[in-house]
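One structure below.
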């Protein structure tokens, strides 16, 4: 078996990913806001106005509307409305650092909706000329524990600041004083998880295409006003920050402007831009990747790349396999103590065993993984058949064949001899917040529920609703 | 700015500093020079609670135009910091007998300056190499104590109405030890690139478009000798803020603090 390994440990999470997994369409954007879902579509806004829309989270195009121009917006859904923030910048080096943070509301983000109308922008923060702050690059956190609305802003020019807004009006809370929480970052973002506030920021060089060294770091605090410390105990006011997304992954460079999406318990995504994508003329593009939590710290995860793998259950560690006879390897054992030279023997080959396999639809199960042909699967992206926010749909076939894993009626599983592209043969793969993976068929015949691949015992598999708290629902690729 | 001094040990920091109640550090728009610096006194200074060195002799920034911080590769900064702008420049920062004095002026220093750039159309995304002209300037040494662990070089420049972008800062200080302190490392952070020397020996080079990060780089193990040791740094910056943060750390990464700091 080709030993392309994806472990779910920290090391593997930080491994590079091919940009083949990137969003498709025209995902060209700089400084994307946190992705919002609105009436079944996804939206993100960028610097300069406007933004991107996607019907499925995978294929993106222009068309989102955000007035006001300016820099680096963010958005948050509060009740049944969306609060959109952006900044009017003084122009940076050329125009000084007098920035203003503004907020405005909209009932919908769909520009074609009759309800689409932005309220008048309200200024909620500013920086005066030359002070230790540049009031741009806004972000929001609606505190899930208190319902309070927090806003951070700032750039490399001085400090990142935190203010409190009124979640009913989007205006600054009366009497609220700004707090310095970090130095020398850009594109800050505040998120909350399990009793910790996490302040993310972007370090490195901006706006230099594939030479940009932009990277996303974070610190955390039990108190929203900080101080925020990194994993080494360094205060973010002294430059501390633990890496969340490094500067480059194979053919994409310069990660900046983090946004977090929580789809459901255990399934999170992060959005950001790559400053330069070598596969897209070096342009700045939207990226959506799994968000993994390692020892209480957020880390950009990794989509499963096309390749050959064993698919192993977290429940037991058995490998997913075609339900066929186990064929003993035809290898003569050498007597212990025999004085013969060592030779490398070949793995069992598909041709040696495929003749013993059924030719029709065949079931699957789990068993001891022995690197045998009926246990080795090939993951192949099928972007022409669409995708989701998790990336392209994939087909999962037995290596060397077109025999494809498929959902079948009754919420069970089988393999079909030939992949046809039918919805029940298309799979969505999400890396979960603990680094393991969930496999979900696009469709299950006769069933409208969202189901995923599960173990029903150590040795048997089926389809069922996802439960993050059950290892039955989790898989590893190795 | 109500900057609350952080006094937590590394050990405490690693086991959950956030459990401590913290006073928010309220923002302050004041940018007066006195917010960031005060004159150094005759009394020897100690490193702060985290070991950061706050007393420095600082030379007015030397204009060194560049098209941005991305040019600061190793060879670039080595060349930039090797340029002698005035006679005896390097000797004055590595020989105790020649160490500059507070208020000492160096006249008729020829520096590169940049022709004014037309920014009426906004900041260019990719700046071209600056067009240089030469100017004669007077540079002054200042003995200062920083009010913050990170020495705000940018405010050192702006507070005196000096060139703020495209500059080289030269700093030097004296580390006084009662005995040899072995196996310490010089730990530095700077915005942007910098180089550091201890007793004339290169200790740290920090190339690239750096953000100031505490303990971003560290030297090999070195010995601070009994008596006086000269610590010198050069920091170069293009656009944006510029600052530095410097301390010595021991084998475990803990701050070394058993010395005093003077500018003589």
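Below 8 Å, C-alpha to C-alpha, sequence gap of six or more: please give me the relative contact order for the range A:388-451 in percent.
Over the range A:388-451, the number comes to 31 percent.
Take the protein assembly as shown, compute every pairwise Cα distance, and split them into 20 Å bins from 0; I just need the percent in each bin.
Each 20 Å bin holds this share of Cα pairs: 16, 42, 29, 12, 1.
What is the calculated FRET efficiency for residue A:327 to residue A:176, with r their C-beta to C-beta distance and R₀ = 60 Å, to the nearest 0.05?
0.25
Between rounded, prolate and oblate, where does the range A:304-399 land on the alpha carbon gyration tensor, with a ≥ b ≥ c its root eigenvalues, rounded for a/c under 1.5, else prolate if a/b exceeds b/c?
prolate
Quick one: grab the alpha carbon gyration tensor of the range A:18-300, order the square roots of its eigenvalues as a ≥ b ≥ c, and give me rounded if a/c is under 1.5, else prolate or oblate depending on whether a/b is larger than b/c.
Working: a/c = 1.24, a/b = 1.05, b/c = 1.18.
Rounded, since a/c falls under 1.5.
Picking from B:32, B:66, B:199, which is most flexible by a Gaussian network model of chain B using Cα springs under 10 Å?
B:32
Tell me, in nm to one decimal, what length is gained between residue A:368 and residue A:166 on full extension, where the rule is 0.36 nm per residue of separation less the Cα-Cα distance?
Length gained between residue A:368 and residue A:166: 67.0 nm.
Which whole-number percentage describes the relative contact order of chain A, with Cα contacts under 8 Å and a sequence gap of 6 or more?
12 percent
Before anything else, pin down the relative contact order of the range A:18-300: Cα pairs under 8 Å, at least 6 apart, normalised by residue count, whole percent.
Worked out over the range A:18-300, it gives 14 percent.
Choose one answer from B:72, B:52, B:90: the residue with the largest mean-square fluctuation in a GNM of chain B with alpha-carbon springs under 10 Å.
Maximum among the listed residues: B:90.
Which of rounded, prolate, oblate describes the range A:126-194, given a ≥ b ≥ c as roots of the alpha-carbon gyration tensor eigenvalues and a/c under 1.5 marking rounded, otherwise prolate only if a/b is larger than b/c?
oblate
Work out how much length residue B:145 to residue B:257 would gain on full extension: take 0.36 nm times their residue separation and subtract the Cα-Cα distance, in nm to one decimal.
The span from residue B:145 to residue B:257 would gain 38.7 nm if fully extended.
Arrange the peptides A:164-177, A:324-337 so that the one whose residues have, on average, the most other Cβ atoms within 10 Å appears first.
The packing order, highest mean first, is A:164-177, A:324-337.
Could you calculate the contour length gain from residue B:26 to residue B:87, that is, 0.36 nm times the residue separation minus the distance between their Cα atoms, to one decimal place in nm?
So the chain would gain 17.4 nm between residue B:26 and residue B:87.
Using a Gaussian network model of chain B whose springs link C-alpha atoms within less than 10 Å, name the residue from B:233, B:161, B:103 with the highest mean-square fluctuation.
B:161
Just to be sure I understand the curve: with the Debye formula and one point per C-alpha of the range A:352-478, what is log10 I(q)/I(0) at q = 0.09, 0.12, 0.13, 0.19 Å⁻¹?
-0.24, -0.43, -0.51, -1.14
Quick note: the coordinates plus some simple rules give every number you see, no bench work behind them. Because the structure is predicted, anything quoted here is derived from the model rather than measured. We place every Cβ from the backbone using ideal geometry, glycine too, and count neighbours over all the protein chains shown.
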